[in-house]
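Before any comments, here is the structure.
The values are calculated or read from the model by the stated rules, or taken from the named source; none is laboratory data. None of these values were measured; they are calculated from a predicted model. Cβ sites come from the backbone with ideal geometry, for glycine too, and all protein chains shown count toward neighbours. When the accessible area is computed, the model is the full protein with side chains, heavy atoms only, and any ligands, DNA or RNA have been set aside. Shrake-Rupley method; radii C 1.70, N 1.55, O 1.52, S 1.80 Å.
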Amino acid sequence: MTARLLPVLLLLLACTRADAQSSFDLYADALHPTFQDWSWAAAADYSLANTAPLQGGGRSIRFVPRSWNGLLFASPSANHEAADYESLTFWIHGGSNGGQNLRLSLLDGQAALAEVDVATYTSGGIVAATWHAVTLPFNAATGLASGSFNRVQLMDFSGATQGTVYFDTLRFNARTTQPPAGTQNVSVDLALERRAVSPLIFGVSYGDAATLAAVRYPLRRWGGNSTTRYNWQADVHSTAGDWYWQNIPDTPGGSGSPPAGNSADAFIDATRANGGEALMSIPSIGVAPLDDRTNKHWGFSQTKYGPQLRDECDEPGSAGWCTADAGNGECDPAQNTRTDPQGNRYCQYYATIDGQQRFHIVNNARSDTSFDVTPAFWTPWIAHFQSRYGTAAAGGVRLYALDNEPMLWNSTHRDVHPAAPTYDEVWTRGRDLAIRIKQQDAAALVFGPVTWGYPDLFTSAADAEDCNCLAGPDRAAHGGKPFVQWYLEQVCAYQTANGVRLVDYLDLHYYPQGGGIIDFNSGNLGYSESPAVAAKRLRSLKELHDPNYVSESWIADLGDADAYHYSKPGLIPRAKAWIAQSCPGTKLAISEYNWGPDQGATGALAQAEALAIFAREGVDAAMRWGAPTPGSYAEDAFKLYLNYDGAFARVGGDSVRTTASDADALSAYAIHRSGERLFLLLFNKSTSPQNVNVTVSGAMSGAWTAWRFDGSHHLAAAGSGTVAGTNFALTAVPARSATLVVLPNPAGSDRIFASGFDAAP
């Protein structure tokens, strides 16, 4: 073909910005005025106005590192972008000792962009009685090629008391050069692998009013541990193992059944007000919290069951509202000798963890917090929804989940369900509840079994309790079949026998494994953006879709002993194969997942690409745990699809075949809204800019617009112009960025079916 037949438009989406930053001194005789001193070291252990020794000027910083204390300098009003700086430099003096063990961290809130050993970057090391220069380069090796930070932290990393150390002239040095750009080739074929994108993949769990209004998520999940034990009549939930096994009234003192203004109705109201629909979890565990709308109750009373290792009043900041009698259920047999009426000790051994024996309270009375219920308890709740919102067929609540992670009842809810669930229990309890849901509202759609992670795809809690995830007696008793595959067989067997499909969506939870990608002990579900973790986080997305990718975690240790290839998760194709084999027509939902910190560069980038993977692979519903923090980069990942222009323009249509020459560096996805436009999504996962050459199978003519976010810049317009032809190029797509290009409808690409009708969504 001639150049005339292949016109090329150069879309100048360059990464060089007009607002490039200048160098600045974080500390030079005093802290920079935009930073505040948030140090947690004792006042006697540091000074920002030290007079000797000095490297330059009239003041230095004195610090006595001890017992994990530290200096913390925060910029609460503005973030700083790593891409703007070449390095952080400062001087360090080892005092009379030298050799101090110090950790330097750059943080965005609590999420670490980089964490390094200070001595590693000190020329000549930390030496007694001598000033030495420290240079921390901002590059891929340190994790500082991109991303933002608003805190600088220097802390003791020994846990002991070290000799006094001194710092002087901490300076951020402006970047003067950009890394060279790579080149990637992307091809879009509008005729191949067309698959309608379900808008329900852009869902979340919970979320506050600000993020609901900013994004308008199409699906919002009422789910999680607290929903397993929820009393709809009283609006009381149990915190279970998440917080001292307590019942908490959600509308204290409320009257009515359910109380006016109850939390479930408020949840649905807020969801619908922002254009979404709710997925409501209905408990199948067989118990509900006591109907006490005024008082807390707790499962492990220290008065009743003896002293425990922690209680609610041990939590920082709890004085004035905590309950000291509410124990955590963990105990020391040397301290707790309390016995039940039969003379059996409440404090019993249950496991050895990290070489230490652990003991917990057993044989507590579940009547302390709960009462038994049958599936009939829940049908009036659904009737209440029908009265308030209409039936499922008439636009009311239509999505219901069968509890939450039942294969963890024996741990998360062990105060009322200490026995490890089996294949049969999870199926039977869910079946009986689903029967009631379908009887009450025939148009309702049911999600199950709501697995908790990778292991219970294959086995039960009963087998896992015996430390045998792959070939335990419960699995053997069910033909050696993986739990999820067997569960699907039961769904379709029931439908064949009774004419009713009880479960419409196979509902799975999935989280990437391996240190640092996510961390449930962190309030942000992800704490590290270090270079190694950031790169592994982006690679780990392959666990969703690539059947040949071996997990870089403990999953690899499961090996490939049989046909199930356990070391290679391939979650979506694995689940779809089970559906095709065991219960065709079942939809696929991933109702919990999370890929990293809301404010992390790769946490947000991974979130954006996960949504594209769900679209391409044909997931029918997905809900992130939990909703992104308002104003975060993770929120931008959703806005890229749901509100990219600030006026709630959305990505939708059919996913089509899109290939990239090096998907590990830059991955590409395309969604075609037939008759209207083509959405091209580019995720630069590399640490350098990329020039991208794009070929589309149909010629385009008209206006284009581009939108982008990265770890330093929130979602915003990134260029516009006109295009004519099948080829175009993007120049210098920034490192670690997500880009959406909205293109005109390609010629000859509209989806026409044999009936002759245009079936565009």
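Would you kindly calculate the mean projected area, averaged across all directions, of the convex hull enclosing the Cα atoms of region 68-137, in square nanometres?
About 5.3 nm², averaged over all directions.
Would you list Asp269, Asp441 from the most to the least accessible area, probe 1.4 Å?
Asp269, Asp441
Calculate, in nm to one decimal, what Trp321 and Ala174 gain on full extension: separation in residues at 0.36 nm each, minus their alpha carbon distance.
Between Trp321 and Ala174, full extension yields an extra 48.0 nm.
Restricting things to alpha carbons, find the Rg to Rh ratio for region 396-540 using the Kirkwood radius for Rh. Could you put the intermediate results ahead of the total?
On the way: Rg = 17.5 Å, Rh = 16.8 Å.
Rounded to two decimals, Rg/Rh equals 1.04.
Using θ = phi - 60° and the Karplus form 6.51 cos²θ - 1.76 cosθ + 1.60, what ³J(HN,Hα) does each residue of region 77-93 get, whole Hz, x for Gly and Pro?
For region 77-93, the Karplus curve yields 9, 7, 8, 10, 9, 4, 5, 7, 10, 7, 6, 10, 10, 6, 10, 9, 10 Hz.
Using the Karplus curve 6.51 cos²θ - 1.76 cosθ + 1.60 with θ = phi - 60°, work out ³J(HN,Hα) for each residue of region 216-226 in order, rounded to whole Hz, and write x for Gly and Pro.
The phi angles translate into 6, 4, x, 9, 9, 9, 9, x, x, 4, 5 Hz.
So for each of 191-197, 78-84 I average, over its residues, the number of other beta carbons within 10 Å; can you give me the resulting order with the highest mean first? Write out the running numbers ahead of the final one.
Details: 191-197: 15.3, 78-84: 20.6.
Highest to lowest by the protection proxy: 78-84, 191-197.
Would you work out which of Ala181, His132, Ala196 lies farthest towards the positive end of the dipole of region 124-278, given +1 charges on the beta-carbon of Lys and Arg and -1 on that of Asp and Glu, about the Cα centre?
Ala181
Can you compute 3J(HN,Hα) from phi for each residue in region 33-39, using the Karplus curve 6.51 cos²θ - 1.76 cosθ + 1.60 with θ = phi - 60°, rounded to whole Hz and x for Gly and Pro?
My calculation for region 33-39 gives x, 7, 10, 10, 8, 10, 4 Hz in order.
Straight-line reach from Lys587: which lysines have Cα under 26 Å away, leaving out those fewer than 8 places along the same chain?
Reachable lysines: Lys438, Lys481, Lys542, Lys568, Lys576, Lys639.
I need the calculated FRET efficiency for the pair Asp340 and Trp38, taking r as the beta carbon distance and R₀ as 45 Å, to the nearest 0.05.
0.35
So for region 609-761, what percent of the C-alpha to C-alpha distances run longer than 19 Å?
Of all Cα-Cα distances in region 609-761, 54 percent exceed 19 Å.
I'd like the accessible area for Asp645, computed on protein heavy atoms only with a 1.4 Å probe and all protein chains in place. Round to 10 Å², please.
60 Å²
So for each of 66-72, 548-554, 47-53 I average, over its residues, the number of other beta carbons within 10 Å; can you give me the resulting order with the highest mean first?
Details: 66-72: 17.6, 548-554: 15.4, 47-53: 13.4.
Most protected by this proxy first, the peptides run 66-72, 548-554, 47-53.
If you add up the charges near Asp168, with Lys and Arg at +1 and Asp and Glu at -1, over every other residue whose beta carbon is less than 14 angstrom from its beta carbon, what do you get?
Within the 14 Å Cβ shell, the charges total +1.
Can you tally the net charge around Pro259? Count Lys and Arg as +1, Asp and Glu as -1, for every other residue whose Cβ sits under 11 Å from the Cβ of Pro259.
-3
What residues have an amide H closer than 5 Å to that of Ser284, excluding those fewer than 5 places away on the same chain, when H is modeled at 1.01 Å from N in the peptide plane?
Amide H neighbours of Ser284, under 5 Å, 5+ apart: Asp403, Asn404.
Using a 1.4 angstrom probe on the protein heavy atoms only, line up His672, His132 by accessible area, largest first.
Descending order: His132, His672.
Over the Cα atoms of region 294-404, what Rg and Dmax result, in angstrom?
Values for region 294-404 (Cα only, Rg and Dmax): 20.4, 61 Å.
Under a Cβ-only charge scheme (Lys and Arg +1, Asp and Glu -1), can you give me the dipole magnitude of region 396-482 about the Cα centre, in debye to the nearest 20?
In total the dipole reaches around 400 debye.
Under a Cβ-only charge scheme (Lys and Arg +1, Asp and Glu -1), can you give me the dipole magnitude of region 333-481 about the Cα centre, in debye to the nearest 20?
Roughly 360 debye for region 333-481.
Assigning unit charges at the beta carbon (Lys, Arg +1; Asp, Glu -1) and nothing else, what dipole magnitude in debye, to the nearest 20, does the chain show about its Cα centre?
That gives the chain a dipole magnitude of about 1480 debye.
Counting Lys and Arg as +1 and Asp and Glu as -1, what is the net charge of the other residues whose Cβ lies under 12 Å from the Cβ of Val118?
Overall, the nearby charge balance is -2.
Val500 to Arg366: extension gain in nm, 0.36 nm per residue of separation minus the Cα-Cα distance?
Taking 0.36 nm per residue and subtracting the Cα distance, the gain is 44.8 nm.
In region 87-110, whose amide N lies under 18 Å from the spot 7 Å out along Cα-to-Cβ of Ala160? List them in ranges.
Under 18 Å, as judged by backbone N against the label point of Ala160, lie 94-103 of region 87-110.
Starting from the Kirkwood Rh over alpha-carbon pairs, what translational D in µm² s⁻¹ does region 189-243 have by Stokes-Einstein at 10 °C and 1.306 mPa s?
The estimated diffusion coefficient comes to 111 µm²/s.
For an R0 of 30 angstrom, estimate the FRET efficiency from the Cβ-Cβ distance between Ser77 and Ala383 and round to the nearest 0.05.
Computed FRET efficiency for Ser77 and Ala383: 0.05.
Which percentage, to the nearest 5, of the DSSP beta bridges contained in the chain is antiparallel?
Numbers: 116 of 153 bridges.
Antiparallel bridges make up about 75 percent of those DSSP assigns within the chain.
If the chain between Asp242 and Asn185 were fully stretched, how many nm would it gain, using 0.36 nm times the residue separation less the Cα-Cα distance? Please report the intermediate quantities before stating the final value.
Details: separation 57, 0.36 × 57 = 20.52 nm, distance 4.77 nm.
Taking Asp242 through Asn185 to full extension adds about 15.7 nm, to one decimal.
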